[in-house]
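Below: one structure, written as structure tokens.
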Amino acid sequence: MYYYGLQPMPLNVTRGCSHHKCKFCDIHAGENFKVTPMEQLEQELEAIQRYQPNTKQIYFTGEDPFVLSYEKIKLILQKAHEKLPYLQIVTMTARVSNMKNKTVEQLTELRKLGIYHLWLGSESGNDEVLRNMNKKLTAEDILVQCKKLETAKINYTLSYVIGLGGAKLSEENALDTAQVYNQLQPAAIAMSGLMVFRDTALYQELKNKSFDM
């Protein structure tokens, strides 16, 4: 079961985003993607063990720690179980492309080790919008990779950014995204409105009128 009333303990697995090229994103601007050394992770797990020995949930930090290889994630989970005997649930954010280097069998094994829920930054289900925003992702990718998660029984939430298609693709973006999401079984769909930040490529397009809100 998912312990909604409990705050998961953070584990600083990564920092930043391995892609960091989406036109609308200003998170971790100017910061390189970093993976926390295993020695440091073990120290953090020991600290959780010392102060919160009954921890049932942990949250892998970073924008997409699931980009790590199956072997690396498996090792981290095994270390976590060694230190935290009551651990049942592990959650994190992820990019849809993070599943491409993992088989269904590997995902199933990670599920057995506690990977329970992924927050997926899909943002849209329209190929033109995904391409325009430099997501390096297609609607077909979303379908294929999310179905792998479903087969492995890993829950996931899909994100949708309202307005990401701009005035030109607004209706087409909404309809195409609904068409993709309706073929899947996400635990939830998280919607947010588009905000254009000054230090993003999308802001420059807004200024030169190649993107219209």
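Expressed as a whole percentage, what fraction of the accessible surface of region 14-65 belongs to carbon and sulfur atoms when a 1.4 Å probe is rolled over the protein heavy atoms?
Numbers: 1310 of 2850 Å².
Taking all protein chains in place, region 14-65 shows 46 percent carbon and sulfur surface.
If the cut-off is a Cα-Cα distance under 18 Å, which lysines reach Lys135, setting aside same-chain residues fewer than 8 apart in sequence?
Lys21, Lys23, Lys100
Given a cut-off of under 8 Å on Cα pairs at least six residues apart, what relative contact order in percent is computed for the chain?
Reported relative contact order: 19 percent.
With charges only on Cβ, +1 for K and R and -1 for D and E, what is the dipole size of the chain about its Cα centre, in debye, rounded to 20?
Details: 25 positive and 24 negative charges, 64 e Å.
Magnitude of the dipole: close to 300 debye.
Taking the chain as a whole, which cysteines find no other cysteine Cβ under 4.7 angstrom from their Cβ?
Cys17, Cys146
When you count, for each residue, the other Cβ atoms within 10 Å and take the mean per peptide, how do 91-101, 189-199 rank with the highest first?
In descending order of packing, they fall as 91-101, 189-199.
Distance check, please: which entries in Lys34/Lys102; Lys168/Lys209; Lys56/Lys83; Lys56/Lys148 exceed 22 angstrom between their Cα atoms?
Values: Lys34/Lys102 20 Å; Lys168/Lys209 12 Å; Lys56/Lys83 12 Å; Lys56/Lys148 26 Å.
Cα-Cα > 22 Å for Lys56/Lys148; rest within.
If the cut-off is 19 Å between C-alpha atoms, which aspartates and glutamates fall inside it for Lys79, apart from same-chain ones fewer than 8 positions away?
The qualifying aspartates and glutamates are Glu39, Glu42, Glu44, Glu46, Glu71, Glu109.
Under a point-charge model restricted to the Cβ atoms of Lys and Arg (+1) and Asp and Glu (-1), what is the dipole moment magnitude of region 157-213 relative to its Cα centre, in debye to the nearest 20?
Numbers: 4 positive and 6 negative charges, 37 e Å.
For this selection, approximately 180 debye.
Taking a probe of 1.4 Å, how large is the accessible area per residue of region 61-159, in Å²?
38 Å²
Apply the Karplus curve 6.51 cos²θ - 1.76 cosθ + 1.60, θ = phi - 60°, to the phi angles in region 86-98 and return the couplings in whole Hz, x for Gly and Pro.
With the stated coefficients, region 86-98 comes to 9, 4, 10, 10, 10, 10, 5, 7, 7, 8, 4, 5, 4 Hz.
Please sort 55-64, 18-27 by packing, taking for each peptide the average over its residues of neighbouring beta carbons within 10 angstrom, highest first.
On the way: 55-64: 21.7, 18-27: 17.7.
Sorting 55-64, 18-27 by mean packing, highest first, produces 55-64, 18-27.
Tell me which of Leu149, Gly121, Phe197 sits at the most positive position along the dipole axis of the chain, charges placed on C-beta atoms (Lys, Arg +1; Asp, Glu -1).
So the residue furthest toward the plus end is Leu149.
Sorted by average packing, counted as other Cβ atoms within 10 angstrom per residue and highest first, what order do 77-85, 156-164 take? Spell out each step's value before the answer.
On the way: 77-85: 16.4, 156-164: 19.8.
The most tightly packed comes first, giving 156-164, 77-85.
Sort out for me the Cα centre separation of region 157-213 from region 97-140, rounded to whole Å.
One Cα centre to the other: 17 Å.
The values are calculated or read from the model by the stated rules, or taken from the named source; none is laboratory data. Since the model is a prediction, treat every value here as computed from it, not as a measurement. Don't worry about glycine lacking a Cβ; one is built from the backbone with ideal geometry, like all the others, and counts go over all protein chains shown. Keep in mind that these areas ignore ligands, DNA and RNA; they rest on the heavy atoms of the full protein, side chains included. Shrake-Rupley method; radii C 1.70, N 1.55, O 1.52, S 1.80 Å.
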